[in-house]
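What follows is one structure encoded as structure tokens, with my remarks underneath.
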Amino acid sequence: VQLQASGGGLVQAGGSLRLSCVPSRNIFNINVMGWYRQAPGKERELVADITSGGRINYADSVKGRFTISRDNAKNTGYLQMNSLKPEDTAIYYCNVVAGLAFANYWGQGTQVTVSS
């Protein structure tokens with residue numbers, strides 16, 4: 001299963017983007033859907049995730065600006081990013097953990113660049 005992340009781009013500081021994550025085929029029994037990011041020279045970090053029960057977790061750096069959501073009917077995840085800052089510049093990856101075996105799926109990433 002491949003996860004297709006899209007919606008990235010170049011935006012000015014203060015702007016907004018909405019990322020989408022669509023799997024190549026339906027993934028059943030999703031435990032957690034999340035977004036991670038990796039800036040040049042830095043390690044990949046968790047941005048936000050949402051569990052099957054609807055519990056949401058955000059990195060402190062994005063609280064109040066980013067909103068994670070999922071559409072179970074469409075098997076799609078979203079990350080609404082508002083009030084973007086230059087430090088949000090990174091490649092954003094979607095991640096899904098599913099099933100009793102907690103299989104881990106990753107997307108190819110989408111570039112987000114925020115200019116000052």
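Each other residue within a Cβ distance under 14 Å of residue 47 adds +1 if Lys or Arg and -1 if Asp or Glu, for a net charge of +1.
Of all lysines in the structure, those lying under 17 Å Cα to Cα from residue 63, and not within fewer than 8 positions of it along the same chain, are 85. In a fully extended conformation the segment linking residue 87 and residue 56 would gain 8.9 nm over its present Cα-Cα distance, using 0.36 nm per residue.
Over the chain, what relative contact order in percent results from Cα pairs under 8 Å that are six or more residues apart? Walk me through the intermediate numbers first.
Numbers: 284 pairs, mean separation 43.2, N = 116.
Averaging sequence separation for qualifying contacts and normalising by length gives 37 percent for the chain.
Projecting the Cα atoms of 17, 76, 36 onto the charge dipole of the chain, computed from C-beta unit charges around the Cα centre, puts 76 farthest toward the positive end.
Quick check: net charge around residue 5, other residues with Cβ under 12 Å of its Cβ, Lys/Arg +1 and Asp/Glu -1? Local net charge: +2.
Accessible area per residue for region 20-68, computed on protein heavy atoms with a 1.4 Å probe, is 59 Å².
At a 1.4 Å probe radius, carbon and sulfur cover how many percent of the accessible area of the chain? C and S fraction of accessible area: 49 percent.
The values are calculated or read from the model by the stated rules, or taken from the named source; none is laboratory data. Keep in mind that this is a model prediction, so the values were computed, not measured. FYI the Cβ positions are ideal-geometry reconstructions off the backbone, even for glycines, and counts take in every protein chain you see. Areas reflect the complete protein model, heavy atoms only, side chains present, ligands, DNA and RNA absent. Shrake-Rupley method; radii C 1.70, N 1.55, O 1.52, S 1.80 Å.
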